[in-house]
Structure formats: C-alpha cells, structure tokens
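**Student:** Structure provided below as structure tokens; questions to follow.
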Amino acid sequence: MNATISPTTVIVGLSGGVDSAVAACLLIEQGYSVTGLHIRTLDDSPDSAELVASTLVVSDLDEYRFPVFSLNLSNSFREHVIKTFQKDYLAGKTPNPCTLCNKLIKWEGLLKGAQLCGAEYVATGHYARIQHSDSSCRLLKGVDNKKDQSYFLWMLDRKTLEKTLFPLGEYSKPEVRQLARRFGIRAAEKTESQEICFVGDNNYRQFLKSSIPGLEQSVQGGDIIDEEGSVIGHHTGYPFYTIGQRKGLGISSSEPLYVTTIDPKRNRIHVGGKQKLACSRLEAGQLNWIGIAPPERPLKALGRIRYRDQESACTIIPLDGDRIEVLFDEPKNAVTPGQAIVFYHEEELLGGGVITAACPSA
C-alpha cells in the first residue's frame, strides 16, 4: 500500500476582493490545503495574539470552501504605517504606505498566521512571480504589464519570499475575472479600489488635517517662491503639496508652474516651469536587495521611481552608510523624496530603496 502524501499547506491573505479570492481557489485547484487569513488593520482594539475564526465565505461552490481566520494588527498598523505616513508628510516627503504595510503588516501577519496554524507557505493575490530554486528565489514582474505589482514588494527579503507564493503572476486581470466566475467567487464583479485604505475618499490632505490636531493652523500662509527667489504667493501648508503638482497653487502666471521643492523648515514651497522638474540624479537609502548582493561598485540597471513610471536606464553608485546615488541616462520627471526607487534587470526585481534627495538637471 502506498503511503498517503499530505498536501502542502498554505495560508492565503484575503482582502475581501477578487484577486486574493482567486489566488486561494487556484491553490486549491493545484492541490494545496488552503487556510484564509484576513488581517484587520482599522480596529480600535489592541493587536491579537491568536487567530479568530471568521465567517467570511469566498465561494458559493463547496469544492472551493476553506477555513478562514482573522488576525487583528490594528495597533501595529497605526504605529508603523499611519504614523510614518504622517511623519513623512511633515518632513516634506510624499510617502508610499503600501510598501511599508506589505513588509511590516501583511507579511508579518501572514507569517505569524502560518506559524499558528502550521502552514508551510503564505500567499497573496499580488500580480508578481517568484522563481523558487534549491539555492535561492527570484522576484519577477507579473506577466500582465498593466497589473504588475512587483514595485510594491521591493521591501520583502529573500527569506520571506522563499515561503511565499503568487498564484496570479501568470494571469491577466481579465483572466482572473473569468476564473472568479468559474470558481463561484462572491466578489467576482467587485470593482478595484485605488485608494489608500485609511484615507477616506483618497483625500490625504483632509486626513492629515483631521488626524494631526492644529496642523492646518500651524502651517497655513507659508510663502510660494519662484525660480528667482521672489515670493509670488502664499500656500495653505507645505504638507498639502507634492512634487510636480500644478493645480491648486492659487497663483497666476504666464506659463504653467509646478511644485519643484518643498521646504518644511521654512514652510515654503518652490515652483518653476516644467523643465525644473527634470532630474538626472537622486540619492536613496533604506535599501533592500533581493536579486543581487549589495553592490560594491557602479551597476547598470533599470530604475522606476513610482508605480506607474516607465523604467529608465540608470547607474547605481554605492555610497557610505547604506546609501546609493542613482544617475539616469535620461532625466526623470518629478523625482519625489519619500517615494521608492525600484531596480530591475529585464523581468527580475533586483532591489530598491527610498528616495531621500532629488538633484535637478539644471
């Protein structure tokens, strides 16, 4: 008699949307034993130390039913994601909370959940791919260029990725919708949200005003400075502006003006013509390397400075103190401190960091 081989166990992060639901059902179809985990981040209660059974049902079909639990990490989310978001805007930066949440909340929660329920792998509905091998793993873009989400995963380390599965990496969004219907998923027609989960109506300015007492009164009325150093107007508060912003400046000019620099110490924003947004060099820190060892000499790569940015040829130059300088072959537009720069070689994500300084081309 042949010995029974137990299926590989995996815990899948469930957001309530179609992508994570399809990821879970695909894994069931592939023979995995699946448990779902919904990580709660917006409760008022402290973090929980154990999993709590959830009534969430992903599919109406019996063959795609599986146990679902929840794990409350709301306090950690407030401390690590929301407070960092506030702090970065007060420092004149434009943060990207999703990448930080992935590392410190989602994957921390999934790995904790996997430990509690004895799962061997964790999985999510991200559009990315991992190539596992005996010696290492490689993080690759999703095959659907319009949906590729590898940019948001640059902070994950290799040890974490070795335990991670991305079932949707080989699919396009329309294909995932079709699978959702076949799997009987209740969220099959649910529309996607492009908003930051804790920012209502995607209005970060209102969020900052309501969550930081006295902020609006303390920063309003600062100077708007033009390219010649002259005061040409007054703004409503430096945290409420981003690099490259054109609308809402409240000034008139013979040519379009854009925010080029934010000066939190003096409560000033500097504006200039579009050409002043061109940037050939930047510096970055908080580095994480996945596909390569930390570079010790200049390295050619493709760099992306925001999620929807087009990758551009650049040279990575190591600096002291876990920092790098990045030189672009062609200037990039509106490089923004606080955003992530992520590096690729063809389809592989090499690593990334947080932009700390942008250096104009002229």
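**Student:** Identify the residue in the range 5-27 that is in contact with a Phe, Trp or Tyr (Cβ under 6 Å, 6 or more places away or on another chain) and buried (at least 24 other Cβ atoms within 10 Å of the Cβ) and, among all such residues, is farthest from residue 66 (Cα to Cα).
**Tutor:** Of everything passing the filter in the range 5-27, 10 is farthest from residue 66 (Cα to Cα).
**Student:** Could you count how many residues in the range 259-268 are open to solvent by less than 80 Å² (accessible area, probe 1.4 Å), free of Cβ contacts under 8 Å to residues at least 40 places away in the same chain and of a type outside the set (A, V, I, L, M)?
**Tutor:** Counting residues in the range 259-268 that are open to solvent by less than 80 Å² (accessible area, probe 1.4 Å), free of Cβ contacts under 8 Å to residues at least 40 places away in the same chain and of a type outside the set (A, V, I, L, M) gives 1.
**Student:** When the range 223-236 is examined, which residues are found to be touching a Gly at 6+ places or on another chain (Cβ under 7 Å) and not charged (D, E, K, R)?
**Tutor:** Across the range 223-236, the qualifying residues are 224, 233, 234, 235.
**Student:** Within the range 244-256, does at least one residue satisfy the condition of being within 19 Å of residue 92 (Cβ to Cβ) and crowded, with 18+ Cβ neighbours inside 10 Å?
**Tutor:** yes
**Student:** Taking residue 278 as the residue in question, decide whether it is within 15 Å of residue 151 (Cβ to Cβ) and in contact with a Ser or Thr (Cβ under 9 Å, 6 or more places away or on another chain).
**Tutor:** So residue 278 fails the test.
**Student:** Across the range 208-243, which residue is farthest from residue 254 (Cα to Cα) among those that are open to solvent by less than 50 Å² (accessible area, probe 1.4 Å) and part of a helix (DSSP H, G or I)?
**Tutor:** Taking the candidates together, the pick is 211.
**Student:** Hey, another quick one. Can you find a residue in the range 143-156 that is farther than 24 Å from residue 191 by Cα and among the polar types (S, T, N, Q)?
**Tutor:** Checking the range 143-156: not a single residue is farther than 24 Å from residue 191 by Cα and among the polar types (S, T, N, Q).
**Student:** Of the conditions (1) touching a residue at least 60 places away in the same chain (Cβ under 8 Å); (2) over 16 Å from the mean Cα position of the chain (by Cα), residue 152 clears all except one; give me its number.
**Tutor:** (2)
**Student:** If you check residue 222 against the conditions, is it touching a residue at least 40 places away in the same chain (Cβ under 8 Å), more than 30 Å from residue 173 (Cβ to Cβ) and not basic (Lys, Arg)?
**Tutor:** Yes, satisfied.
**Student:** Can I ask one more? Have a look at 26, 116, 61, 104 and point out the one that is under 30 Å from residue 243 (Cα atoms), hydrophobic (A, V, I, L, M, F, W, C) and out of contact with any strand residue (DSSP E or B) (no Cβ under 6 Å at 6 or more places or on another chain).
**Tutor:** Residue meeting the stated conditions: 104.
**Student:** While we're on this one: Are any residues in the range 164-207 within 19 Å of residue 10 (Cβ to Cβ), more than 22 Å from the chain's Cα centre (by Cα) and open to solvent by 70 Å² or more (accessible area, probe 1.4 Å), and if so, which ones?
**Tutor:** Within the range 164-207, none qualify.
**Student:** Turning to a different aspect of this structure: Residues of the range 31-53 being open to solvent by less than 40 Å² (accessible area, probe 1.4 Å) and under 14 Å from residue 101 (Cα atoms), which ones?
**Tutor:** Matches in the range 31-53: 39, 41.
**Student:** In this structure, does residue 265 turn out to be out of contact with any Leu (no Cβ under 6 Å at 6 or more places or on another chain), in a helix (DSSP H, G or I) and within 29 Å of residue 220 (Cβ to Cβ)?
**Tutor:** Considered against the rule, which asks whether it is out of contact with any Leu (no Cβ under 6 Å at 6 or more places or on another chain), in a helix (DSSP H, G or I) and within 29 Å of residue 220 (Cβ to Cβ), residue 265 comes out as no.
The values are calculated or read from the model by the stated rules, or taken from the named source; none is laboratory data. The shown structure was predicted, so the numbers you read here are calculated from the model rather than taken from an experiment. So basically every Cβ, Gly included, is an ideal-geometry build from the backbone, and we count neighbours across all protein chains shown. Just so you know, the surface numbers come from the protein's heavy atoms only, side chains and all, with ligands and any DNA or RNA stripped out. Shrake-Rupley method; radii C 1.70, N 1.55, O 1.52, S 1.80 Å.
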